[in-house]
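Trainee: Attaching a single structure in structure tokens format; questions to follow.
What follows is calculated from the coordinates using simple rules that are stated; it is not laboratory data. Treat the numbers as computed from the prediction; the structure is a model and nothing was measured. Every residue, glycine among them, receives a Cβ derived from its backbone with ideal geometry; neighbour counts consider all protein chains shown.
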């Protein structure tokens, strides 16, 4: 009986050693689920690539032109992921007051007109996620320029700057700090042309002359700020 017990124990020893040699597998925690909604709050600087074609009294003015000064404003963007890499968002901000300054033959008149105007954009974008916490994206969409207030000046009386659509291209980078918070930089280029009508500040023989202008502003919007996902 004793020999049988010893033999049995000896036969079990290799099995126990083999069991100890098996690697211990540690379960891997699943990646946190992507939060579908996000909001971004930032500061936007606008740089304009301006071109102006003007008619006074129905006659084209050769050598006319204008330039729009840069502007800075606060901005907000809200969006949703519809697929893991694809999102749609709406972005806008507080509309700044923009000044159109005359150049060429209009240079002596200084600022021709001012308007409080803002560009709201709707874009779709593709997000890359193979760079760790750095997540670049590219996108495209449409913008709509809304004029909230026209400001007449001695050079242009009773101005009326029309709203209009614009094509928008977009690129940016999100940097993820936590599952909910991050920072971002974003660049957008819009191709925007608007029509302006008014009266010339220099009267004709009996009345002020009608003025019309086609203003191409083509803004580049550079934004930086913080983001929150939920």
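Trainee: Kirkwood Rh over alpha-carbon pairs of region 36-229, then Stokes-Einstein at 20 °C and 1.002 mPa s: what D in µm² s⁻¹, rounded to an integer?
Mentor: 119 µm²/s
Trainee: Would you please give the FRET efficiency between residue 35 and residue 59, computed as 1/(1 + (r/R0)^6) with r the Cβ-Cβ distance and R0 = 45 Å, to the nearest 0.05?
Mentor: 0.15
Trainee: Go ahead and collect, in residue order, the members of region 91-124 whose backbone nitrogen is under 19 Å from a label point 7 Å along the Cα-Cβ direction of residue 165.
Mentor: Counting only backbone N, you get 91-92, 118-124.
Trainee: Which residues in region 63-86 have a backbone N closer than 18 Å to a point placed 7 Å from the Cα of residue 220 along the Cα-to-Cβ line?
Mentor: 67-73
Trainee: Oh, and also: Residue separation times 0.36 nm, minus the C-alpha to C-alpha distance between residue 126 and residue 49: what's the value?
Mentor: So the chain would gain 25.0 nm between residue 126 and residue 49.
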